[in-house]
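To start, the structure itself, in structure tokens.
The values are calculated or read from the model by the stated rules, or taken from the named source; none is laboratory data. In this text, all values refer to a predicted model and were calculated from it rather than measured experimentally. Cβ sites come from the backbone with ideal geometry, for glycine too, and all protein chains shown count toward neighbours.
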Amino acid sequence: GRILCQIHFILLFSRQGKLRLQKWYTTLPDKEKKKIIREIVQIILSRNQRTSSFVDWKDLKLVYKRYASLYFCCAIEDQDNELLTLEVVHRYVELLDRYFGNVCELDIIFNFEKAYFILDEFIIGGEVQETSKKTAVKAIEDSDMLQETVEEYMNKPAF
Amino acid sequence: AKYISQCIDEIKQELKQDNIAVKANAVCKLTYLQMLGYDISWAAFNIIEVMSASKFTFKRIGYLAASQCFHEGTDVIMLTTNQIRKDLSSPNQYDTGVALTGLSCFVTPDLARDLANDIMTLMSHTKPYIRKKAVLIMYKVFLKYPESLRPAFPRLKEKLEDPDPGVQSAAVNVICELARRNPKNYLSLAPLFFKLMTSSTNNWVLIKIIKLFGALTPLEPRLGKKLIEPLTNLIHSTSAMSLLYECVNTVIAVLISLSSGMPNHSASIQLCVQKLRILIEDSDQNLKYLGLLAMSKILKTHPKSVQSHKDLILQCLDDKDESIRLRALDLLYGMVSKKNLMEIVKKLMIHVDKAEGTTYRDELLTKIIDICSQSNYQYITNFEWYISILVELTRLEGTRHGHLIAAQMLDVAIRVKAIRKFAVSQMAMLLDNAHLIASNTQRNGICEVLYAAAWICGEFSEHLEEANQTLEAMLRPKVTTLPGHIQAVYVQNMVKLYASILQQKEQAGEKEAAQEITQLMIERLPQFVQSADLEVQERASCILQLIKYIQKLQVKEVPVAEEVIALFAGELNPVAPKAQKKVPVPEGLDLDAWINEPPSDSESEDEKPKTIFHEEEQRHTRHRQPEIDEEELARRREARKQEQANNPFYIKSSPSPQKRYQDTPGVEHIPVVQIDLSVPLKVPGMPMSDQYVKLEEERRHKQKLEKDKKKKKQKKEKRGKHHRHNSLHTESEEDIAPAHHVDIITEEMPENALPSDEDDKDPNDPYKALDIDLDKPLADSEKLPVQRHRNVETLKSPDSELPLEEKKSKKPKKKEKKHKDKERDKGKKKEKEKKKSSKHKKKKHKKEKEEKSKDKKKSKKKSHHSEEEPPASVQNGTLEDEPLPPMSSYRLLAENPYIKMTYDIQGNLQNDSKVTVSVIFENKSTSFLKSMELNVLDSLNTKMLRPEGSSVHDGIPVPFQLPPGISNEAQFVFTLQSIVMAQKLKGTLSFIVKNDEGSTHEKLDFKLHFSCASYLITTPCYSDAFAKLLESGDLHMSSIKVDGISISFQHLLAKICFHHHFSVVERVDSCASMYSRSIQGHHVCLLVKKGENSVSIDGKCNDSTLLSNLLDEMKETLSKC
């Protein structure tokens, strides 16, 4: 059986339909995922700019929003709150913004693993884990510090 | 692609190196490639290598890669168990964190089982950062390994009150998610959540909690009442749209679940509608969209409050956003009434005209048809108007819904007899103008309506005024360009037309005219005979021959019309779509039985063919014997008749049941306004249907005037008499009578078809496994598997934290603990004494102990290896071994030809002097039941709770009406003082029966039986608390014995649990202890023993009267077994 949760998956893709980030909170075979991505990207890109941010899709709802050249899209369940999901998306963008400083699509391409780390600090298993911006960013910065000290340590010439 | 394959080769090289940094970098690249859609599962082992790196930088990358590409099918995942366990217990919180995060993505049932205990321990970690993650991941673990839910739940509950808000909201999240799937197990947490809701200021948490309450209220209506106030406060105060939206949605849901038996909350509904209006008027498309969505939910229960915003909804049809327009359309569907249908459809028709884009226009078209045809054309008062609308719709170009319009035309023409004449005239016009429509011959295009038109004109040709002209229109050469299936219908129906013309001419004695028409057919039919479509060709050549034969007879001046018309005699009745399915299986027919003996295994056949034949012969003779029996034959004949009667394909002699138009009181008394059909059908510049709108308005006005007159008369007549009812008059739904005497022919159904619409539940629902009772105590077998070394395994000191947890949960109060200690001391003393008395005994005792411990060992080992292990003793009523027969707690209250009442009584622990009686009212008649009022003659002890200010003699109105065949439930609250004795209260239900003949007052007397069991509340009890209760010596004792029991012990216990509200404390073989508690706090303990054919029940209770009454009731139940 398919295991469901609040947010089923999050996709980031560019206006040209290039996928920039995908996070699945449900287990699906790769083939299925690819099919879904193709379908959803097409649905959303073909929608008029002036339309609402919600699309009924199969038994789920897609909630998406465009920030500059990137589309952020979440799939949620029928009873879930669309507006809250928009806030989740917005919060994630804020977090990226805070971390990268005025985030742009290129940041996410070049530091894609960071984008994932931030997402993982914010959402876990499809559930929002940290509602406070400060705490989430701090957790990432702290673990980055850890990384840097380790890197420094690594870069020392080994005798 | 070439570049990528080059990259992959490079990465493969890098992975082969020993340097972990290089490897990690390679894995990082792979993760990127994976996102681009390349398969990297081949590198799974390398990913694990990087995961197990000691440096956080690399570990993090490894886990990221794993969480992106591992899934349940990844076989190497088993290898990670130990690594993850190590990381989970790492002193570095970020190591732990990253392991938890990764786990949330790729946890498998195996990992969940092995790591559940580790993660549970982390829920009490010192760092909130870890606690928070651990709590959230537990949800995933529960899903994969449901057995972990019960042992982990107490700690999860603790986290609701964690000092860290992040952890708290995580716990709220998890419990809310769990509760949404299986709300009934979480009702006991409601007070805690209520506290959280009123104190929390975090909108994220609030939304979750409100959502949870939304799931709980359908199970506990009282909760809903409590919720309304804080929710409406939030609606007033919050500025966060998401919270507002959630509150409104929940209020709606709560009100829906409350709608039966509660005072109406029109104020709250009004508030919701108001707020939604603000959302819809907002310029933000998202808010508009959601506002409409929520509005449609209110519509279902409170259509009136939404209908007043019709203007706003209609405005939304002009919105730029198609999804908003579609939502608005959905709303309109539910908003129509008899009064506004024409107006709304008129608006929609305007939109159809100006709509751009065929998809939206088609959507509009289907919606118009949906709106008009919903619930059996309930809102259509004038079918001429509807036919005109359908005809107007045929002018749409490029629609793909021609067949839909056609189906409507056919349906209306067949089922509304009164409209046939008008329909036929319109259809004839369509056929005449077929060239306009036929230009578009694509499949499902508008030309499909010609199919309907041809069929209607043919089938009901007796209503046709200019049959000749229509026949000619059907014979035009242009027809041959239509799709084959339409031509086929043309051909078939022109014969019907021909037949009726022939009859007409013959009766009038116009022989020449009759021959002319025959000649016309013979001239024109060959064009169809040449058709490429087989069906058309075959029918045409058949008919051509027939007509040539008719011509021969006509030349001989033989009258033929009667015979020709006989070809099409008889009327078609519509058959309900479900009719076939509803044909009951005749008695004695076993569809699963073999018709012939199934072929036996070929081997055995080869070996002893003779014996088999012999056996079969014997069997046959045995089977045949009863067939010769006269009685049996008669029975079968009867069965066959029955079968035929129920078979929709057998034409029945009796006419099909016809249903009068519903909800129109006294149709006969209202003069029917004749609509002049000679009005020209097309008025230049004005679409036809508009005329009907005007006519209808005039008609209604007239009707109203006349009614008012009548009413005045009535008033005069009634003056002096005291009659409350029916004096209120506004132009409401019911007052609008349809223009025609409309018979909507109901679709035929087999006679004893059952009205069953069972909706099957999805057996693959992953949440089903989490439907677990969380309030019952933990059994040994349920402990989470803890990793330990086998040889060190000791029984005395459970090392993990888990058993401590259990102890806590088992002793909810400290006092109890003290008691227990004292008892233990006593026990020790006793033991000492025993020791002194005999050494022999002591040895025995020891042996027993050893045996027990062995058992324990076994069970522990088992539970470690396999997930499924039957618990040693069944606890608390979960008797899963065998399926139990379906039981209902509802008993018959009273019954007469109109109505049947069944009831159930429930108490609740919070209130020691109230019980709720739920009564299901079922309308058995074909009439409408209304103004039901239930009254009970109170006793000194037991009284019905009436609203303030009403006297003891007033009944309580039942908050609904019952259409024929419908049942509904209402609840009544009773107060009582003593509960030790059963009570019987006399009562009466009065109601008004309303049908075509008028309305009558009816009464039904009943006796409401409050059994002692109905004062009991199923309460779980732990075996040690149970033992203490028995030892306390405060309880009175009594016992019964019932003989002649044949049902299994299992069923017996289930019956006692179910009907008498007990729960099983412990069960050993055919002996069980049970417990229950009264609403006034009496403890009732039972020991049930099953003998060979008998059952004995020993009971102990604080009150001897209550006990003996309870036992008597039980005796009665059991003696029925």
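With (1) in contact (Cβ under 8 Å) with a residue 24 or more places away in the chain; (2) within 14 Å of chain A (Cβ to nearest Cβ); (3) part of a helix (DSSP H, G or I) as the list, and B:ASN286 as the residue in question, which single condition is left unmet? Failing condition for B:ASN286: (1). Total residues in the range B:319-375 satisfying the condition of being within 14 Å of chain A (Cβ to nearest Cβ) and small (Gly, Ala, Ser): the figure is 3. Selection of the range B:66-76 for residues being facing chain A (nearest Cβ under 9 Å), small (Gly, Ala, Ser) and within 14 Å of B:LEU103 (Cα to Cα) yields only B:SER67. Residue under question is A:GLN16, and the condition is that it be free of Cβ contacts under 8 Å to residues at least 24 places away in the same chain and surrounded by fewer than 18 Cβ atoms within 10 Å (Cβ to Cβ); does it hold? Spelling it out, A:GLN16 is indeed free of Cβ contacts under 8 Å to residues at least 24 places away in the same chain and surrounded by fewer than 18 Cβ atoms within 10 Å (Cβ to Cβ).
For the range B:995-1010, the set of residues classified as at pLDDT below 85 and not polar (S, T, N, Q) consists of B:ASP996, B:GLU997, B:GLY998, listed by residue number. Could you tell me which residue of the range A:55-74 is nearest to the other protein chains (Cβ to nearest Cβ), considering only residues that are surrounded by 17 or more Cβ atoms within 10 Å (Cβ to Cβ) and among the hydroxyl-bearing types (Ser, Thr, Tyr)? Checked the range A:55-74; the qualifying residue nearest to the other protein chains (Cβ to nearest Cβ) is A:TYR64. I'd like to know if the range A:101-122 contains one or more residues that are more than 11 Å from chain B (Cβ to nearest Cβ), in contact with a Lys or Arg (Cβ under 8 Å, 6 or more places away or on another chain), in contact (Cβ under 8 Å) with a residue 60 or more places away in the chain and farther than 29 Å from B:GLN93 by Cα. There is at least one residue in the range A:101-122 that is more than 11 Å from chain B (Cβ to nearest Cβ), in contact with a Lys or Arg (Cβ under 8 Å, 6 or more places away or on another chain), in contact (Cβ under 8 Å) with a residue 60 or more places away in the chain and farther than 29 Å from B:GLN93 by Cα. Checking B:PRO477, B:PRO483 one by one, the residue that is without any contact (Cβ under 8 Å) to a residue 60 or more places away in the chain and over 24 Å from B:VAL412 (Cβ atoms) is B:PRO477 and no other. For the range B:491-499, does any single residue satisfy the condition of being farther than 30 Å from B:ILE389 by Cα and in a helix (DSSP H, G or I)? Yes, that holds for at least one residue. Could you please let me know if A:GLN42 is more than 9 Å from chain B (Cβ to nearest Cβ) and at pLDDT below 85? Considered against the rule, which asks whether it is more than 9 Å from chain B (Cβ to nearest Cβ) and at pLDDT below 85, A:GLN42 comes out as no. For the range B:514-529, check the following and say yes or no: at least one residue is without any contact (Cβ under 8 Å) to a residue 24 or more places away in the chain and over 24 Å from B:LEU450 (Cβ atoms). Yes, that holds for at least one residue. Looking across the range B:91-147, the residues that are facing another protein chain (nearest Cβ under 10 Å) and not in a helix (DSSP H, G or I) come down to B:ASN92, B:VAL107, B:THR108. For the residues B:LEU227, B:LEU279, B:LEU231, the requirement of being assigned to a helix (DSSP H, G or I) and within 14 Å of another protein chain (Cβ to nearest Cβ) singles out B:LEU279. Among the residues of the range B:402-415, those that are of a type in the set (A, V, I, L, M) and surrounded by fewer than 23 Cβ atoms within 10 Å (Cβ to Cβ) comprise B:LEU404, B:ALA407, B:LEU410, B:ILE414. Being at pLDDT below 85 and not in a loop (DSSP other than H, G, I, E, B) is a description that applies to B:VAL254. Checked against (1) in contact with a Phe, Trp or Tyr (Cβ under 9 Å, 6 or more places away or on another chain); (2) of a type outside the set (A, V, I, L, M, F, W, C); (3) part of a strand (DSSP E or B), B:GLY1099 passes all but a single condition, namely (1). From the residues in the range B:278-296 that are among the small types (Gly, Ala, Ser) and within 23 Å of the chain's Cα centre (by Cα), which one is surrounded by the fewest Cβ atoms within 10 Å (Cβ to Cβ)? Among them, the one singled out is B:SER296.
Right, B:THR988: in contact with a His (Cβ under 7 Å, 6 or more places away or on another chain) and surrounded by 15 or more Cβ atoms within 10 Å (Cβ to Cβ) or not? Against the criterion (in contact with a His (Cβ under 7 Å, 6 or more places away or on another chain) and surrounded by 15 or more Cβ atoms within 10 Å (Cβ to Cβ)), B:THR988 does not qualify. Looking only at the range B:121-159, which residues are over 30 Å from the mean Cα position of the chain (by Cα) and hydroxyl-bearing (Ser, Thr, Tyr)? Answer for the range B:121-159, where residues must be over 30 Å from the mean Cα position of the chain (by Cα) and hydroxyl-bearing (Ser, Thr, Tyr): B:THR121, B:SER124, B:THR126, B:TYR129.
Count of the range B:41-62 residues, restricted to those that are more than 9 Å from chain A (Cβ to nearest Cβ) and touching a Ser or Thr at 6+ places or on another chain (Cβ under 8 Å), is 5. The set of residues in the range A:75-116 being closer than 15 Å to B:LEU64 by Cα and either in contact with a strand residue (DSSP E or B) (Cβ under 6 Å, 6 or more places away or on another chain) or buried (at least 22 other Cβ atoms within 10 Å of the Cβ) (or both) consists of A:ALA115, A:TYR116. Do the conditions hold for A:ILE37, that is, is it within 25 Å of A:GLN129 (Cβ to Cβ), within 12 Å of chain B (Cβ to nearest Cβ) and outside any loop (DSSP other than H, G, I, E, B)? Yes: the conditions hold for A:ILE37.
For the range B:152-195, the set of residues classified as among the small types (Gly, Ala, Ser) and either without any contact (Cβ under 8 Å) to a residue 60 or more places away in the chain or within 14 Å of chain A (Cβ to nearest Cβ) (or both) consists of B:GLY166, B:SER169, B:ALA170, B:ALA171, B:ALA179, B:ALA190, listed by residue number.
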